[in-house]
1. For a label point 7 angstrom out from the Cα of E242 toward its Cβ, which stretches of the range 118-135 have the backbone nitrogen within less than 13 Å?
2. Taking the Cα centroid of the range 65-81 and of the range 1-38, what is the distance between the two, rounded to the nearest whole Å?
3. Rounded, prolate or oblate: which fits the chain, taking a ≥ b ≥ c as square roots of the Cα gyration tensor eigenvalues, rounded meaning a/c under 1.5, else prolate when a/b beats b/c?
4. So what are the ³J(HN,Hα) numbers for the range 162-172, from phi and the Karplus equation (6.51, -1.76, 1.60; θ = phi - 60°), rounded to whole Hz, Gly and Pro as x?
5. Figure the gain on full extension for Q65 and E201 (residue separation times 0.36 nm, minus the Cα-Cα span) and round it to one decimal in nm.
6. Below 14 angstrom from the Cβ of I249, what's the summed charge of the other residues (Lys, Arg +1; Asp, Glu -1)?
7. Select from L71, L135, L20 the residue whose mean-square fluctuation is largest in a Gaussian network model of the chain (Cα-Cα springs shorter than 10 Å).
8. What net charge is computed for the residues neighbouring G173, neighbours being all others with C-beta under 10 Å from the C-beta of G173, Lys and Arg scored +1, Asp and Glu -1?
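The values are calculated or read from the model by the stated rules, or taken from the named source; none is laboratory data. All values derive from a computational prediction rather than experimental measurement. Using ideal geometry, Cβ is built from the backbone for each residue, glycine included, and neighbour counts are taken over all protein chains shown. These accessible areas exclude ligands, DNA and RNA; they are computed on the full protein's heavy atoms, side chains included. Shrake-Rupley method; radii C 1.70, N 1.55, O 1.52, S 1.80 Å.
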Amino acid sequence: MKYYLFCSRGGSGSSAFSRLIKSSGYSINHHSKPDVSFIQRQYMSKSNNISDYSNRQIIGDLGYQEKPDKLAKKTFFSRTNFNLNYNLSINDNLLLYIQHLNKTKKTALFNMAAVMKFFSLNNIPNVVFLIRHPLNTYISWTKPERHYNLVRDYKGGINSQEAIKLFSSLWIGTVKEYLVLKEKKLNPILIRYEYAKQDVEQQAKELNPIFKKWNQSPSIANNSDFYQEDFLKNLVVKYFYEIYQQWNI
């Protein structure tokens with residue numbers, strides 16, 4: 001079968017994943033992270049730089065039941081060439097967008113939609129998740145050339161427990177969405193960054209072309225500046241062992 005919907009968090013190889021979906025020939029018409037057009041306030045960092053969210057619609061407790069604003073519509077269109085409808089909720093717009101993907105044989109990689117429970121609330125099948133070990137993900141996510149800006153304003157920087165809690169809520173939210181879809185028998189595909197080639201071979205051989213050049217590494221990342229590994233582990237441990245067998249891989 002052809003998979004159209006992918007999901008991965010920042011720091012998990014999501015950008016490389018998107019590039020390979022296109023360059024491998026699996027899907028020439030691929031959209032990367034259109035859902036970054038929206039960010040729920042509770043998942044925003046303490047960043048004092050408004051430019052970190054300058055191209056996003058900040059949504060409140062209603063989540064995807066809110067309607068898109070002009071900023072979200074502009075950002076979404078720039079990533080997809082798909083126009084959001086102001087009269088519909090974000091949720092209903094995304095459902096129409098997915099119908100468009102299926103009809104036109106295009107693919108998309110989502111970022112925040114899993115954390116917002118979009119797939120499970122709408123019973124969407126066949127979502128492919130790329131998930132990485134949380135320690136590796138956090139260290140990658142907070143690199144200066146990536147998303148260090150999202151932790152720089154916390155006291156302690158990458159070692160801030162507040163920043164680690166924010167990150168953990170995003171990592172856990174993605175894993176929980178996969179598990180809920182699995183419980184609902186909606187055929188989600190789990191690809192672990194460190195075991196991508198093996199996971200694809202066992203679950204979805206159709207995706208093999210994407211991972212032919214995948215540079216997976218099973219080892220734990222090393223960052224001598226980070227000393228809160230135990231704190232991070234305690235936050236994610238319950239859901240970590242739902243998809244991994246051991247912490248030290």
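1. Label zone hits: 120.
2. Using only Cα atoms, the two centres lie 18 Å from each other.
3. On the way: a/c = 1.61, a/b = 1.11, b/c = 1.45.
It comes out oblate by the Cα gyration axes.
4. My calculation for the range 162-172 gives 5, 5, 5, 5, 4, 4, 4, 5, 6, 5, 4 Hz in order.
5. 45.2 nm
6. Taking every Cβ under 14 Å from that of I249, the sum is 0.
7. Result: L71 has the largest fluctuation of those listed.
8. Numbers: positive: R9, K117, K176; negative: E177.
In short, +2.
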